[in-house]
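The values are calculated or read from the model by the stated rules, or taken from the named source; none is laboratory data. Computed from a predicted structure; not experimentally measured. Methodologically, a virtual Cβ is constructed for each residue, glycine included, from the backbone with ideal geometry; neighbour enumeration extends over all protein chains shown. Quick note on the areas: whole protein, heavy atoms, side chains included, nothing else; ligands and nucleic acids left out. Shrake-Rupley method; radii C 1.70, N 1.55, O 1.52, S 1.80 Å.
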Amino acid sequence: MAVRYTAAEVVARLRKEIDAGRPLFMPNTGMGLSAKLQEQGGADLICVSGTSWWRLKGQGSLAAFLPYSDCNALIFELAKEILPVVKDTPVITLSGPHNPLFPHRDHLQKLWDLGMSGVTHLPAALFGKEFAEQVEHIGMGFGQEVEFIQTAHEMNMFTVAYAANPEEAVRFAHAGADVISSHIGATKGGDMGAATKLTLDDAVVISQKIFEAARAVRKDVIVFAHGGPLEGPEDVKYVLERTAAQGFIGGSAAERMPIEKALLEATRAFKNIPISKKEES
């Protein structure tokens, strides 16, 4: 069963890796098998994700935001599958803080009682600027994401915040986020990857501005990169070498695309086994 940690305990684990000169890695997961293998591979954090659950159904990440399922109910169910197979790695959730009928403290307490060490938030901005502005106008948008992270911080839960721009990074830094990650949009690549025109150099520039804004508020905040053109290890290496990023958050890049590649290769390998033609007697 996964160990539940306080925010300070998780940060201490991450700092140890940073001090040793090793990059941090947090994969998202939508099933127990992925979580088990991610831990065996050395993941520093594991994030239980409704977007991952939808991707494993052969659908796109944005399906988690549409009204075909409750993104938080998915997390509560996935917790029963994932927490028992993780031994030592801190487990957090990608949760939806926008529901006005589900108070943040009640939501977070339920996650804590399940055994989660922390949280990050589903960014409403993934649906586009106009949608994000409209839901913020009715009190169900970015402001709720900030309050969610701040409440988790007050409850001594570990927090990861996604920032799409420097202004969001400043808000999350003031809210007490332990990690702030640049969010360059949904990840491209593979069978169901997002459409993006952003390049790796764009990711470098956007990410570094976000990191600098966050650290202007708190010098000690840990910074990650995520999304957009960051499809694989070489892409991540390119960004880590050119920014202050100390780690990478992988969604599609950490689960969907590796599964697609492995299953395709295995299926083709079995299908390409030569057989000798046997004469019928």
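Return P(r) of the stretch 104-161 (all Cα-Cα pairs; 10 Å bins starting at 0; whole %; ordered from short to long distances).
Pairs per bin, as whole percents: 24, 46, 26, 4.
Where the accessible area of the stretch 1-154 is counted over protein heavy atoms with a 1.4 Å probe, how much of it, in %, is carbon and sulfur?
Carbon with sulfur: 56 percent of the solvent-accessible area.
Give me the log10 of I(q) over I(0) for the stretch 1-60 at q = 0.15 Å⁻¹, as the Debye formula computes it from C-alpha points; what are the numbers?
-0.53
How fast does the chain diffuse by Stokes-Einstein, in µm²/s, taking the Kirkwood radius from C-alpha pairs at 37 °C and 0.692 mPa s?
The estimated diffusion coefficient comes to 171 µm²/s.
What do you get for trypsin sites (Lys or Arg not before Pro) in the stretch 10-107 restricted to DSSP loop and a cutoff of at most 12 other Cβ within 10 Å of the site's Cβ?
Here the sparse-neighbourhood loop sites are K57, K87.
List the relative contact order of the chain as a percent without decimals, with contacts defined as Cα pairs under 8 Å and 6+ residues apart.
Reported as a whole number, the value is 18 percent.
Before I look further, what does the chain give for accessible area per residue, probe 1.4 Å, in whole square angstrom?
49
Under the rule of -39500 (n - 2.57) per DSSP H run of 4 or more residues, summed and divided by the residues of the chain, what mean residue ellipticity at 222 nm is obtained, to the nearest 500 deg cm²/dmol?
-13500 deg cm²/dmol
May I ask you to list the chymotrypsin sites (Phe, Trp or Tyr not before Pro) in the stretch 2-80 that are in a DSSP loop and have at most 10 other Cβ atoms within 10 Å of their Cβ?
Loop-located and lightly packed - Y68.
Say the cut-off is 22 Å between C-alpha atoms; which of K57/K271; K110/K219; K36/K237; K16/K80; K129/K197 go over it?
Too far apart for the 22 Å limit: K57/K271; K110/K219; K36/K237; K16/K80.
Given Cα positions, please report Rg to Rh for the stretch 13-104, the hydrodynamic radius being the Kirkwood one.
Result for the stretch 13-104 is an Rg/Rh of 1.02.
Under 5 Å between amide hydrogens, which residues at least 5 positions from G247 or on another chain qualify, with H placed 1.01 Å from N in the peptide plane?
Hits under the 5 Å cutoff: L24, A225.
So what's the Cα pair-distance distribution over the stretch 104-255, bin width 5 Å, in %?
Per 5 Å bin, starting at zero, the Cα-Cα P(r) for the stretch 104-255 comes out as 2, 10, 19, 20, 20, 17, 9, 3, 0 percent.
Cα centroid distance between the stretch 109-185 and the stretch 5-35, in Å?
Cα centroid to Cα centroid, the span is 19 Å.
Among the aspartates and glutamates, which fall within straight-line cross-link reach of K209, defined as a Cα-Cα distance under 12 Å, with same-chain neighbours fewer than 8 residues apart omitted?
Partners found: E167, E168.
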